[in-house]
Every structure is written in C-alpha cells, then in structure tokens.
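Read the structure below first, then the notes.
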Amino acid sequence: MGSDAVYVDESIAFDRFVSERLLQGALMVQECRACTGTWHPPSGRCPLCGSANWEWREASVQGELYSFTIVHHAPSASFKEHVPYIIGWVELEGSARVLGCIVGVSDAIRVGQRVWLATPDETFPYVVPTFCLSREEAGTK
Ligand SMILES: [Zn+2]
C-alpha cells in the first residue's frame, strides 16, 4: 500500500450519504438483489441472507409506528438538552422497519399510528430518520 493510499470505511461513507439525503427529505434504505429484503441503517451486506449484491432505494415517506419508547435519561451529555425524546420503530410502506425519532407529539401516541418522514432536528447529536404524526407538520410528499 502506497503512502498516498486512503482507507475508506464504508460505514462512514454510508452514514454520510444517508444523512445528507435525510437532510434533503429522503430516507434511503438498501434492497437486496438476492432476497429482496430491505434494511436500514446501512451495512455492506444484507442482514437477512448475507449477500453483498444490493442497491440503494428511496423509501416511502409514510409508515406506521411499530413500537416506541420515551427516553427520559440522557445517554450522554450531548443528549441532555433533548430529553425527554421519543425513539420508535417505524414500518415504512413497502419497505424496511426503521428506527428513528418521533417528534411533534403533544399528548397521545400509540402503536399503529400513521407517521410521516420529517426534517431531522440538526441540533440532535446524530442525523437520524425523524417522523411526525401529521402530514402537514412533516411538510413532505
Ligand atoms: Zn438478502
């Protein structure tokens, strides 16, 4: 390996690509060409069959809340100003089940509720898929 060789950690490149697209209003998932499974967050191989033959796909901006929890204790100092916040699994229409933040919840939240992809909160320590409970608030398609 020459001194000018650059080691590229694909997970960092994947994270950067997915984060940039999220900030533009698109949630990218990966779809396996071998088994048609879809997944997020990104990885080099299909978590279902192990194939490295996959492609990027823009996921639906709508989904259903599969499960959620309310985080009251910050896992680190950088989350302190954000608690309490809601983390939930969202079953995207025709696509992967994705972990993300649920925002704009005034009172009741329940499993099975309809959610829409929203613009991520850029003050959150990570750019994560972010969903809200109304299409108007999401401001997406
Ligand atoms: Zn697969």
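Quick check on region 13-55: of everything there that is outside any loop (DSSP other than H, G, I, E, B), surrounded by 15 or more Cβ atoms within 10 Å (Cβ to Cβ) and among the hydrophobic types (A, V, I, L, M, F, W, C), which residue is farthest from the ligand (Cβ to nearest atom)? The extreme case among them is Leu22.
Give the number of residues within region 91-140 that are more than 20 Å from Val18 (Cα to Cα), in a loop (DSSP other than H, G, I, E, B) and out of contact with any helix residue (DSSP H, G or I) (no Cβ under 8 Å at 6 or more places or on another chain).
Summing the residues that are more than 20 Å from Val18 (Cα to Cα), in a loop (DSSP other than H, G, I, E, B) and out of contact with any helix residue (DSSP H, G or I) (no Cβ under 8 Å at 6 or more places or on another chain) in region 91-140 gives 11.
Cβ-Cβ contacts under 6 Å between residues 6 or more apart (or on different chains), taken from a first residue in region 40-61 that is touching a residue at least 24 places away in the same chain (Cβ under 8 Å) to a second residue that is of a type in the set (Val, Ile, Thr) and surrounded by 13 or more Cβ atoms within 10 Å (Cβ to Cβ), are listed as His40/Val29; His40/Val98; Pro42/Val18; Arg57/Val29; Ala59/Val29; Val61/Thr140. State whether one or more residues within region 94-112 are within 16 Å of the ligand (Cβ to nearest atom), within 17 Å of the chain's Cα centre (by Cα), modelled with pLDDT of 90 or more and not hydrophobic (A, V, I, L, M, F, W, C). Yes - at least one qualifying residue is present in region 94-112.
The values are calculated or read from the model by the stated rules, or taken from the named source; none is laboratory data. In this text, all values refer to a predicted model and were calculated from it rather than measured experimentally. Here the Cβ is made from the backbone with ideal geometry for all residues, glycine too, and neighbour counts use every protein chain on show.
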